[in-house]
Each structure stands twice: as structure tokens, then as C-alpha cells.
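In what follows, a structure is listed as C-alpha cells, so that the remarks can point back to it.
The values are calculated or read from the model by the stated rules, or taken from the named source; none is laboratory data. Because the structure is a prediction, the values reported are computed rather than measured. Please note: Cβ atoms are built from the backbone with ideal geometry, for glycine as well, and neighbour counts cover all protein chains shown.
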Amino acid sequence: MFHATLDSSKTWKLIVDALATLLTETHFVITEKGMTLRQLDSSKAAMIALDLPAAIFQEYECDGEVEICLGVDELTKVSKRMAGDDKLVFTHNESESRFEIKMLGQAERRFSLQLLIPPEERTKQPSIKFDVQAELFADAFKQAVKDIGVVSTYLRINADDDTLTFLGDSDTGEAEVILRTGEESALCELQTKKKSSAMYAINYLADISKSMASDSVIIQFSSNKPIMMEFSIAEAGRISFILAPRVERR
């Protein structure tokens, strides 16, 4: 059994938009502690991790463990019908294998979505040790991705003791964005165990950056290793994206 209420429909819309960045189906695992999701995209080049503690909900009840699998298209269509001041009520109808979303506002509206069959194996978040951790304004990251995307289909990130640099090039030109630590910088914090450099597909970064709804984002990476981009949702919740590097062929 699962039942929860959420006062902010905006929060739920942001979550659904983030999931829609990579996925066509969602696999929520719900326990008494909260809702989690760990899934790869269809190409297995990127992964999304969602952690929503029970505390972000105004009411929350869950007996045992509940798996909720839904199509992203259906979730997106329903979320678009939510008004800004709607209170949301989520219920798992186990007998009919459905997930119900009720919207309480000027009218009471209810959507009942058919559950999909859960995958046989659950995706596990990889344990990666990173050499670089940077916290920066989310808008600065979004602008850097857009700037590099003007000339390149990939983005290279370089990090040293006090500088984070985004670069890209192609036959048409080059682009570079430099962030240095300092009081007026968009780079809030930079921790570097050693100088690092890695390259990632710009189309993935562009889609992921659009889903960033918080003021800041934490980026972690190592040379030629995956990058993790993490930001908060509803204060206590977290969304993380892990993207595989683009390896240069020589």
C-alpha cells in the first residue's frame, strides 16, 4: 500500500520533466523512507538517479516495498494538466494494478494510470571516485553548454587548482568558457585532487541542463571517466545524472 500527498504540483512537474530527459519508462521503488529511482537511458550512455525522502511529502504512508512502473509519456501528459495551486494525492491501487494521481484545486480531478511490468533486474548506481568536485550556479553551467554547443558537438571540461574550463571546437571554430574561484565568480567551490580533463556529448548535456531547477549544481568528474551532475529538488530531494565520457580515437 502506498499513499502520499504533495502540496506543490510544481515540484512534481520538475521531477517528471527531469525523468523525461532520458527515459521512456519510469521505475519507482517506494519504501517507508521515500521514493527512489535508478535507471539507464536506452543507449546506456547515461543514468538518472532520483531520491525523494518521505519528509518532502505532507502525508506519506507505505507498507513494505512498492514498485511503480509507468510510461513517461503518460506521466508527462498528466503533469501538464496540473494547475499551479493544485494539491496532489498519490495512491497505489494494488487490486487494479494502477497508480492514481488526484488533483485537488478548484475542481477535483483524478487520473488512473495502468502500471507496467517492473524490470527483472534493478539498475544499481555505480560507485565512482572522482578527482574533481565543483559547485557552480546552474545558470552558468547552462550557458557554458549553450556557448560550446554553438561550435561543437562535444564539450571538454578541464580542471586545475582554481579554474574550471569548458571547451569545444570543430571545423567552424572554437569556444571556451573559463570559471575561476573568487567572491564574484559563478564557481562557488572547486576541490581538485589532481588536474583532470574529460569530454562529453553536448546533446546529452544540453538536455540534462534544461532539467536543472535549482540555483546551483554539483559536478564531479575525473579524466576520461563519467561525469555526475547533481542538484536538489524540493530541498531534501536530489536528482543526479551520470554521463559516460566520449573517448577520443587515435
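Any idea which residue in region 90-112 is surrounded by the fewest Cβ atoms within 10 Å (Cβ to Cβ), counting only those that are touching a residue at least 40 places away in the same chain (Cβ under 8 Å) and more than 23 Å from the chain's Cα centre (by Cα)?
Our first condition is that a residue be touching a residue at least 40 places away in the same chain (Cβ under 8 Å); within region 90-112, this holds for 90-92, 94, 103.
If we keep only those that are more than 23 Å from the chain's Cα centre (by Cα) as well, we get 91-92, 94, 103.
Numbers: THR91: 18, HIS92: 22, GLU94: 11, MET103: 19.
So the residue we want is GLU94.
Of the conditions (1) more than 27 Å from SER8 (Cβ to Cβ); (2) surrounded by 16 or more Cβ atoms within 10 Å (Cβ to Cβ), ILE128 satisfies every one except a single condition; which number is it?
(2)
Against the condition farther than 30 Å from CYS188 by Cβ and among the aliphatic types (A, V, I, L, M), how does LEU88 come out, does it pass? Walk me through how you get there before you give the answer.
Numbers: farther than 30 Å from CYS188 by Cβ: yes; among the aliphatic types (A, V, I, L, M): yes.
The answer is yes for LEU88.
Going by what's in this entry, would THR172 be described as among the polar types (S, T, N, Q), in contact with a helix residue (DSSP H, G or I) (Cβ under 6 Å, 6 or more places away or on another chain) and either assigned by TED's automatic domain parsing to the domain that holds PHE57 or surrounded by fewer than 19 Cβ atoms within 10 Å (Cβ to Cβ) (or both)?
Against the criterion (among the polar types (S, T, N, Q), in contact with a helix residue (DSSP H, G or I) (Cβ under 6 Å, 6 or more places away or on another chain) and either assigned by TED's automatic domain parsing to the domain that holds PHE57 or surrounded by fewer than 19 Cβ atoms within 10 Å (Cβ to Cβ) (or both)), THR172 does not qualify.
Quick check: anything in region 150-158 in contact (Cβ under 8 Å) with a residue 24 or more places away in the chain, out of contact with any Leu (no Cβ under 7 Å at 6 or more places or on another chain), of a type in the set (Lys, Arg) and not assigned by TED's automatic domain parsing to the domain that holds ASP51?
No: zero hits.
What pairs come up if the first residue lies in region 36-61 and is within 22 Å of ASN224 (Cα to Cα) and outside the structural domain of GLU230 (by TED's automatic domain parsing), the second is at pLDDT 95 or above and among the charged types (D, E, K, R), and their beta carbons are under 6 Å apart, counting only those six or more places apart or on different chains?
These pairs meet every condition: ALA49/ARG38.
Can you run down the residue pairs with Cβ atoms below 6 Å, 6 or more apart or on separate chains, where the first is in region 182-200 and in the same structural domain as MET228 (by TED's automatic domain parsing) and closer than 18 Å to ALA144 by Cα and the partner is β-branched (Val, Ile, Thr) and part of a loop (DSSP other than H, G, I, E, B)?
Within 6 Å, the pairs are LEU187/THR181; LEU190/THR181.
Hey, can you tell me all the residues within region 99-119 that are assigned to a loop (DSSP other than H, G, I, E, B) and either basic (Lys, Arg) or closer than 20 Å to VAL72 by Cβ (or both)?
Passing the criteria: LEU115, LEU116, ILE117, PRO118, PRO119.
Sort out which residues of region 24-80 are under 14 Å from the mean Cα position of the chain (by Cα), of a type in the set (Asp, Glu) and not in a loop (DSSP other than H, G, I, E, B), and write them in order of number.
Hit for region 24-80 is ASP51, nothing else.
Can you tell which of ASP86, ASP63, ASP73, ASP41 is charged (D, E, K, R) and surrounded by 18 or more Cβ atoms within 10 Å (Cβ to Cβ)?
None of the others qualify; the one that does is ASP86.
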